[in-house]
Amino acid sequence: MACSAVRSPLLRNHAVRHYAAVAATQSSSAAVPELQVLPGNKITVAAVDNNNPIAKLSIIFRAGSRNETYDTQGITHHLRVFAGLSTCRSTVFGITRNIQQLGGNLTATSDRESITYTVQVTRDKLSDTLTFLEDVATQQVFKPWEISDQLPRLRYELSTVPETTRVMELLHKAAYRSGLGYSLYSPKRQLGKISTETLQHFVNTWFTGSNCAVVATGVPLSSVSQFASSLKVASGEKAPPASEYHGGELRKERTSELTTVAVAAEASGLNKEKDALAFAVLQRAIGSGPRVKWGTSVSPLQRKASGAANADQFAVSAFNASYTDSGLFGFVVCSMPDVAGSIVKAASSYLRSPNLSDADVARGKATLKAEILFAADDGALLLENLSQQALFKGRVYKISDLVAEVEKISTSDVKSVAGKFNSGKLSMASIGDLSTVPHVDQLN
């Protein structure tokens, strides 16, 4: 179902490039994000008509793993895997065959707060493709025999989760216990226990108009609004319970040549925009990994950890996860077991008093602004960012406005949020050979 565009040597022709420059000038002034809330079904609609020959459109629901309960853990993982099964109007074969014939691509993604159904196809074929996107996102029936056929795929996905991802899932569990603590991946004990009725009840509860956004790139807002107004979604204003940060530790010992450890404190959520941006700058100021492929990092965090081990024995990176009402900020380490403990202690010591200079903060701001601008040129990232803004903030930002907000962050703002790691309760998760890894109470 995927399609790719092949570059033509004609693009090297000077005349063609001149025409392309004129077209880019005309489209750039019009490529401004637009948003509206439909009065009928309360769906939020957003679009950027950037004259891209490939149109991308997403139906996104505010229904992620934090919306699960203890008994329904893993249901959003099941929903993501079950995307494309038979619906009220279409069979599996019909959806697959028609999307392929139209040259389109249909995908489903999920995170802790949302699940997204996306179609990408050439602009002239979009209207024909939207029928199948609507079916997949809003007309599910979850036939029991089709559900059982997908269990091997679920088991395969669970067996291929990288340890760095596993440790982040454990970290969220230690930090929040429930809600945001529920994993993106289904517990093995839930395989075969999520029934048709359970899936349909979850969809009816959370796939509502007020919890839905329809976002597109390469499509005018009027066309997106017309499509969204015809979606059959339930009404209701139900919202997930507020997150509650607890802090704690989870350790998973296993025979391994590597040790993976993540440590974090509670950070600001998207409801505190200035603090959330300050945490994003802080992450890049202290070090979020190498910027050169196969290279190494010269960040302050890397230098501090290097004093505890040889540079070839570990990798360390700061991370920042922001959700609607909470977040996590900390670091993740992957190292040889014999030096894991000393690296974790060194990294924790640095984050308790990072001693950031104006130059460090300026570098962090420059990196964040560059990432925002790079994302604007990436069709998939642009669509994802617009979807999150429309669904969780109820507005869409111009790229220039986002860059301007980052520029307003001062060194004092960054130092202020950095102090939360020292004053807050820590959460910690670790996997592998933990013989040298300290416990969380030894890091305070």
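The values are calculated or read from the model by the stated rules, or taken from the named source; none is laboratory data. Just so we're clear, the structure is a prediction, and the values are computed from it rather than from any experiment. We place every Cβ from the backbone using ideal geometry, glycine too, and count neighbours over all the protein chains shown. When the accessible area is computed, the model is the full protein with side chains, heavy atoms only, and any ligands, DNA or RNA have been set aside. Shrake-Rupley method; radii C 1.70, N 1.55, O 1.52, S 1.80 Å.
Applying the condition of being farther than 13 Å from F227 by Cβ, polar (S, T, N, Q) and in a helix (DSSP H, G or I) to the stretch 132-161 and asking which residue is most open to solvent (accessible area, probe 1.4 Å) yields S159. If A418 satisfies all but one of (1) of a type in the set (G, A, S); (2) assigned to a helix (DSSP H, G or I); (3) over 14 Å from G330 (Cα atoms), what's the number of the condition it fails? Here A418 clears every test but (3). Based on what the data block shows, is V361 open to solvent by less than 50 Å² (accessible area, probe 1.4 Å) and under 19 Å from V333 (Cα atoms)? So V361 does not fit the description; no. Of the residues screened, T129 is one that is open to solvent by less than 50 Å² (accessible area, probe 1.4 Å) and of a type in the set (S, T, Y). All told, V136 falls short of being within 21 Å of A318 (Cα to Cα) and modelled with pLDDT of 95 or more.
So that you can scan it fast, the table gives a plain yes or no per residue for (1) β-branched (V, I, T); (2) open to solvent by 30 Å² or more (accessible area, probe 1.4 Å):
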| position | (1), (2) |
| --- | --- |
| D401 | no, yes |
| E405 | no, yes |
| D413 | no, yes |
| F421 | no, no |
| I431 | yes, no |
| L434 | no, no |
| N444 | no, yes |
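In the stretch 249-291, what residues are over 30 Å from Q389 (Cα atoms) and open to solvent by 20 Å² or more (accessible area, probe 1.4 Å)? Listed by number, the residues that qualify are E249, L250, R251, K252, E253, R254, T255, S256, E257, L258.
Just to be sure I understand, how many residues within the stretch 69-111 are within 19 Å of S243 (Cβ to Cβ) and open to solvent by 10 Å² or more (accessible area, probe 1.4 Å)? Number of matching residues: 6.
Take the conditions open to solvent by 50 Å² or more (accessible area, probe 1.4 Å), under 25 Å from the mean Cα position of the chain (by Cα) and modelled with pLDDT of 95 or more and apply them to Y117. Does it pass? So Y117 fails the test. Please verify whether the stretch 49-60 includes one or more residues that are among the hydrophobic types (A, V, I, L, M, F, W, C) and either surrounded by fewer than 24 Cβ atoms within 10 Å (Cβ to Cβ) or not assigned by the TED database to the domain that holds R177 (or both). So far as the stretch 49-60 goes, yes, one or more of its residues are among the hydrophobic types (A, V, I, L, M, F, W, C) and either surrounded by fewer than 24 Cβ atoms within 10 Å (Cβ to Cβ) or not assigned by the TED database to the domain that holds R177 (or both). Tell me which residues, restricted to the stretch 372-388, are open to solvent by 10 Å² or more (accessible area, probe 1.4 Å), under 21 Å from E407 (Cα atoms) and in contact (Cβ under 8 Å) with a residue 40 or more places away in the chain. Once the filter is applied, which keeps residues that are open to solvent by 10 Å² or more (accessible area, probe 1.4 Å), under 21 Å from E407 (Cα atoms) and in contact (Cβ under 8 Å) with a residue 40 or more places away in the chain, the stretch 372-388 yields only L382.
In contact with a helix residue (DSSP H, G or I) (Cβ under 7 Å, 6 or more places away or on another chain), in the same structural domain as K274 (by the TED database), open to solvent by less than 20 Å² (accessible area, probe 1.4 Å) and under 30 Å from R62 (Cβ atoms): is that true of A318 in this structure? Let's see the steps before the verdict.
Values: in contact with a helix residue (DSSP H, G or I) (Cβ under 7 Å, 6 or more places away or on another chain): yes; in the same structural domain as K274 (by the TED database): yes; open to solvent by less than 20 Å² (accessible area, probe 1.4 Å): yes; under 30 Å from R62 (Cβ atoms): yes.
The answer is yes for A318.
This table checks each residue for (1) of a type in the set (A, V, I, L, M); (2) in a strand (DSSP E or B); (3) outside the structural domain of T260 (by the TED database).
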{"site": "V332", "(1), (2), (3)": "yes, yes, no"}
{"site": "P354", "(1), (2), (3)": "no, no, no"}
{"site": "A370", "(1), (2), (3)": "yes, no, no"}
{"site": "S400", "(1), (2), (3)": "no, no, no"}
{"site": "S427", "(1), (2), (3)": "no, yes, no"}
